[in-house]
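Scroll down for the structure; my scribbles are underneath it.
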Amino acid sequence: MTTSPENSTLSTGKYTIELTGGASVVYAFDTEGNKTWVCSASDPMVAMNIIEGLIMVEHKRFYYPDSKPQINVGTPKPPFLNKD
């Protein structure tokens, strides 16, 4: 990650963390340069962990494009998912 001291940001690739007085705000930039809010975190380390996870998911989708989330219908639901 690179740091920009003049505006308190951390950035890597298409992701940027803006460090404000309260929260660390994560933004993603698309190919046209449009800025999209991703999340806010109270700790910059948490924001960096979120970005790390997003990058890992993107790499998995790039290297394994046929991998899709699968839901096993045959397994019983945990009790907290049952609507009572």
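The values are calculated or read from the model by the stated rules, or taken from the named source; none is laboratory data. Worth saying up front: this structure is predicted, and the values here are computed from it rather than measured. Note that each Cβ is placed from the backbone with ideal geometry, even for glycine, and that neighbours are counted across all protein chains shown.
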Anything in the range 34-57 that is charged (D, E, K, R) and more than 10 Å from the chain's Cα centre (by Cα)? List them, or say none. 35, 43
Looking at the chain, what strands (runs of 3 or more DSSP E) fall wholly within it and have at least 1 residues that are at pLDDT below 70, exposed (fewer than 10 other Cβ atoms within 10 Å of the Cβ) and β-branched (Val, Ile, Thr)? 2-4
